[in-house]
Amino acid sequence: MTTSRSFVIRHSSFVIGLLCCLMFLNPGLAAAEVVSSGELVERCQFYDGKVVTFRGEVVGDVMIRGEFAWINVNDDAYSKGSRKLAGYNSGQSIWCRADDAKLIEVTGDYRHVGDIVEVRGMFNRACPEHGGDMDIHANEVRVVRRGRSISHPIENGKIRAASILFVISFALFALGRILRWRRLRGRAPEPEA
Amino acid sequence: MIPRPRLADFKVIGFYSGKIVFGVGLLMVVPLVVALLFREWNPALDFLIGMFSCFSVGLLLQIVCFTRRDLTWMQGLVIASFSWLLAVVLGAMPHYLSGHFGCYLDSCFDLMSGYTTTGLYLLQDLDHISHSLNTWRHLLTYAGGQGIIVIALTFLIRGTAGAFKMYVGEGKEEKLLPNVIQTARAIWLVSLVYLGVGSLVLWVIAVREGMSLVRGFLHGVWVFMGTWSTGGFAPQSYNIGYYHSLPLEMVTMIIFVIGSFNFALHWAIWTGNRREIYRNIEVVSFFLTVMMTFTLVVVGLMRLGTYPDLMAIFRKGFYHLVSGHTTTGFMTIYSRELVRQWGDLAMLAIAIAMAIGASACSTAGGFKGLRVGIIFKALFQDIKRIVSPETAVIVQKFHHIRDIILEEKHVRGAMFIVLSFVGVHATCTMLGVYYGYPAVQALFDAVSAGSNTGLSCGVVSPAMPSLMKIAFIAAMWMGRLEFMAIFALVGFIVAAVRGK
């Protein structure tokens, strides 16, 4: 009995140790529970009705509808704070309790990277409650990281370009007026009618 | 022997194109004001640069090419197509300077898509763009829907007999009033009244659905512009699916159906001729083709069991079908859902609807209901002729504002445009297949671009090959101007190079 228990303990610690090593070597495996929006759309039949974990940036508006709310959560490259161009936005719509939605303070827009939330809930490829929308009905919404402001410092090159173009267009406008005035006074050649 | 264009031809084309480009610069005042209101300083500079570039080029052309000559047909058509190209290249400046585009070609793609009310876009990270850039995107579709030449005719060009020739070059032929300038103003009157009412309704819905007053107002105006113009641009990357709102979907559907009707029909109803809505060939044709294509969509979706109930089939299937048929391009599903959930049959049904399109002289694209109606009437006439005695005289009529006897010139004109569209769709599809996209997906997005719709199953993306981007830009341009003006421009260039 003692021998068999020690055998189980020895082997289970070996298996746990092996799993830990694998997760350390392959972080993707460690985060395997978090599903991407791309995967949800491409394999929607597989994930339909399953409980999934989804993580990303809240963008736009938190739209409270009675006791519940809609939030739109992006898990694209921009949600990780990158401002480098990396294609279209991608994400998922989340139907959650209004109280959970009220935890969100910052939503992503021109001036902000929104709060990063982790959502756990049931994925619907065509939600019967919401007219066939693809959505996640959240059981739990957790703010993982607070959003932040994005600074947009004024670019001096743009000020210079705008100034030069203003001068050019003003000069052309003035020239046009002078030519018109001279034509009216008969000092400039009248074009063929 | 082709006669080489004279200097006077170039001057007329340059002068009027200059006026239209100046008008595009004036349009940028609207997003500039929005940028200043929301303290978006960099976008404000982008719009100043774009605006002064348009003013400089416009004024330079007007000074160098000053003329008092009236337009010939050829000049009017060339001005229409050339000024659209200039407006795209110069109008793309604020887009490019925003930093949301991989290259200048991508920003030109979005500009052409906006002016032509297509709604496809290559802009990246849409969810983080400024309010002013979003205003500019939607204003483009609103202005493009009425026609940038219509704008110039309304505000910048005094009545000339040749003005009608530019107006026709932009794909519109209807004269609501005897004078083309008055017609242009009538088009604007109709559009501005709807803008006020429609934006207000959408604002109320947006606030009721949980948006703040300010954002609700902005979204109301933007979505109205995208809807009325059958443009399909939306302020967020989720498109109309962002709002998760049945009332908003219903109201947008009503607006884009109204927007897709002929301005002459609007005018007839405004001036008391309400029976026109039941008798007009375009309305009848639209109703029949919607029913036929919707049946195909339902069969396709039910066969695959895509949606759990009839309400969902209606909400998704009918919305996207009508969105495609009116060439709007609004979506409440992800692009890739079309491929993963809808299947080929439903996608092909939507592609047929997009190809047919809505009414002539409206904000919509496609073959147009009038032409489809004429071709079917001609077909019935031929069948009647076959089954009737040889001595019988078969007269076929169609109703468009008034009863018109169907003649060969109507059928020839309709067939010419329809075949040109088919050629453009086929070319873009082939190109997509050449680059490795599956045929149905390549066809879907090609038809969407050529018919100025904007629905996409994922072929159109910033990663698309440059040649495809150029082909799609050309398809949108040709589809909007309906070929004659483009053929005139090509003929003019050939004559300038090879003429004697």
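Here are the numbers for the structure shown:
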quantity: Cα-based convex hull volume of segment B:177-272 per residue, rounded to whole Å³; calculated: 96
quantity: Cα gyration tensor category, rounded, prolate or oblate, for segment B:274-464 with a/c compared to 1.5; calculated: prolate
quantity: Phi to ³J(HN,Hα) by Karplus 6.51 cos²θ - 1.76 cosθ + 1.60 over segment B:75-84, Hz, x for Gly, Pro; calculated: 4, x, 5, 5, 4, 4, 6, 5, 5, 5
quantity: Sorted by Cβ neighbour density within 10 Å, fewest at the top, the residues B:448, B:83; calculated: B:83, B:448
quantity: Anisotropy class of chain B from Cα gyration tensor, a/c 1.5 cut; calculated: rounded
quantity: Phi to ³J(HN,Hα) by Karplus 6.51 cos²θ - 1.76 cosθ + 1.60 over segment A:92-108, Hz, x for Gly, Pro; calculated: 9, 8, 10, 9, 9, 5, 4, 4, 5, 5, 5, 5, 7, 9, 10, 10, x
quantity: Cleavage-rule hits, trypsin sites (Lys or Arg not before Pro), segment B:1-68, DSSP coil, Cβ neighbours within 10 Å at most 10; calculated: B:6, B:39
quantity: Segment B:322-386-segment B:8-83 distance, computed between alpha-carbon centres (Å); calculated: 34
quantity: Cβ-Cβ FRET estimate between residue A:163 and residue B:408, R0 fixed at 51 Å, reported to 0.05; calculated: 0.25
quantity: Sorted by Cβ density within 10 Å, fewest first, the residues B:133, B:467, B:189; calculated: B:467, B:189, B:133
quantity: Length-normalised contact order of segment B:274-464 in % [C-alpha pairs under 8 Å, at least 6 apart]; calculated: 25
quantity: Intensity falloff of segment B:7-259 expressed as log10 I(q)/I(0), Debye formula with alpha-carbon point scatterers, at q = 0.07, 0.12, 0.14, 0.15 Å⁻¹; calculated: -0.24, -0.69, -0.93, -1.05
quantity: Long-range HN-HN contacts of residue A:108 with modeled amide H, under 5 Å; calculated: A:58, A:59, A:60, A:114, A:115
quantity: Least to most buried among B:221, B:21, B:418 (fewest other Cβ within 10 Å first); calculated: B:418, B:221, B:21
quantity: Loop-resident sites, segment A:67-118, for trypsin sites (Lys or Arg not before Pro), counting at most 10 other Cβ within 10 Å (DSSP); calculated: A:84
quantity: Long-range Cα-Cα pairs in the protein assembly as shown (distance over 51 Å), rounded percent; calculated: 16
quantity: Cβ-based net charge around residue B:92, under 12 Å, with every Lys or Arg adding one and every Asp or Glu removing one; calculated: -2
quantity: ³J(HN,Hα) computed for each position of segment B:268-275 - Karplus, 6.51 cos²θ - 1.76 cosθ + 1.60, integer Hz, glycine/proline x; calculated: 4, 5, 4, 8, x, 8, 6, 5
quantity: Estimated FRET transfer efficiency (residue B:182, residue B:493; beta-carbon r; R0 22 Å; 0.05); calculated: 0.05
quantity: Anchor residue B:19: lysines whose Cα lies under 26 Å away (excluding residues fewer than 8 positions away in-chain); calculated: A:158, B:11, B:165, B:172, B:175
quantity: Shape call, segment A:34-149: gyration tensor on alpha carbons, a/c limit 1.5; calculated: oblate
quantity: Selection from B:138, B:238, B:100, by position along the positive dipole direction of segment B:7-259 (Cβ); calculated: B:138
quantity: For residue B:136, net neighbour charge (Lys/Arg +1, Asp/Glu -1) across residues whose Cβ lies under 12 Å away; calculated: -2
quantity: In segment B:386-468, GluC sites (Glu not before Pro) in a DSSP loop with at most 13 other beta-carbon atoms within 10 Å; calculated: B:390, B:407
quantity: Estimated [θ] at 222 nm from DSSP helical runs (n ≥ 4, -39500 (n - 2.57)) normalised by residues in the protein assembly as shown, nearest 500; calculated: -18500 deg cm²/dmol
quantity: Charge tally in the Cβ shell below 12 Å around residue B:435, where Lys, Arg are +1 and Asp, Glu are -1, residue B:435 excluded; calculated: 0
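Here, each number is a calculation from the coordinates, and none is a lab measurement. Quantities reported herein were computed from a predicted structural model and do not represent experimental measurements. Reconstructed Cβ throughout: ideal geometry from the backbone, glycine too, with neighbour counts over all protein chains shown.
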